[in-house]
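Asks: Got a structure for you, questions after.
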Amino acid sequence: MTRRLAAQKRGKLAAELVHCGDVLRGSLLERTTFHSSGCPKCARREGHPQWVLNVNYPGAKTRQLSLRPEQVQQVRKALQRYRQAKETLEAISELNQYLLRLDRDQSKEGKS
């Protein structure tokens with residue numbers, strides 16, 4: 001791959017990152033919660049379904065955010081956009097490493 005082609009590819013990938021405003025990192029979990037007493041549904045062990053966005057942070061810290069059912073699709077899309085953005089950043093990083101190797105090799109050739 002030529003330097004020009006690598007730079008063009010990197011530019012196209014970077015342009016994809018412009019639309020990163022609606023991203024979320026974490027996992028979407030479906031949980032069932034139970035009341036301790038007084039709920040017939042819980043007494044039958046049916047419980048109450050609940051969606052949760054779970055996000056892990058350094059230091060073994062976790063944040064959980066309960067979601068309304070109508071938010072689940074929006075969260076799924078934002079999680080997918082995050083994964084796509086992360087993949088794009090990895091691809092850009094690989095291209096930047098390639099360009100650094102080209103620079104290094106070109107510098108060596110110039111000194112010979």
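Asks: Roughly how big is the chain's charge dipole about its Cα centre, with Cβ charges of +1 (Lys, Arg) and -1 (Asp, Glu), in debye to the nearest 20? The partial results should precede the final answer.
Replies: On the way: 22 positive and 11 negative charges, 14 e Å.
Value, rounded to 20: 60 debye.
Asks: Same structure again: Looking at segment 1-87, which trypsin sites (Lys or Arg not before Pro) are DSSP coil and have at most 16 other C-beta atoms within 10 Å of their C-beta?
Replies: Listed in order of number, the matching sites are Arg25, Arg44, Arg45.
Asks: Write down the accessible area per residue of the chain in Å², having rolled a 1.4 Å probe over the full set of protein chains.
Replies: For the chain, the solvent-accessible area averages 77 Å² per residue.
Asks: Helix 72-111 versus the longest principal axis of the chain: what angle, 0 to 90°, nearest 10, using Cα atoms?
Replies: Taking Cα atoms only, the helix is inclined about 20 degrees.
Asks: For segment 1-105, restrict the atom set to alpha-carbon positions and state the Rg and Dmax in Å.
Replies: 21.6, 74
Asks: Can you grab the distance from the C-alpha centre of segment 12-67 to the C-alpha centre of segment 76-112, Å, no decimals?
Replies: 32 Å
Asks: Still on this structure, I have one more. Can you sort Ser93, Ser37 by solvent-accessible area, 1.4 Å probe, largest first?
Replies: Working: Ser93 45, Ser37 95 Å².
Highest to lowest solvent-accessible surface, that is Ser37, Ser93.
Asks: Between helix 3-16 and the chain, what is the angle of the helix's C-alpha long axis to the longest principal axis, kept within 0 to 90° and rounded to the nearest 10?
Replies: It is inclined by approximately 20 degrees.
Asks: So for the chain, averaging the separation of alpha carbon pairs under 8 Å that are six or more residues apart and normalising by length, what relative contact order in percent results? Each step should come with its number before you reach the end.
Replies: Values: 110 pairs, mean separation 35.0, N = 112.
Answer for the chain is 31 percent.
Asks: With a 1.4 Å probe and all protein chains left in place, how much of the accessible area of the chain comes from carbon and sulfur atoms, in whole percent? Kindly include the intermediate steps, with their values, before the conclusion.
Replies: Numbers: 4440 of 8660 Å².
Its accessible area is 51 percent carbon and sulfur atoms.
Asks: What base-10 log of the normalised intensity I(q)/I(0) is obtained for segment 25-81 from the Debye formula, alpha carbons as equal point scatterers, at q = 0.14, 0.26 Å⁻¹?
Replies: Those come out to -0.49, -0.98, one per q.
The values are calculated or read from the model by the stated rules, or taken from the named source; none is laboratory data. Owing to the predicted nature of the structure, the values given are computational and were not obtained by experimental measurement. Because the Cβ atoms are built from the backbone with ideal geometry, glycine has one as well, and the counts that use them run over all protein chains shown. SASA here: full protein model, heavy atoms, side chains in, ligands and nucleic acids out. Shrake-Rupley method; radii C 1.70, N 1.55, O 1.52, S 1.80 Å.
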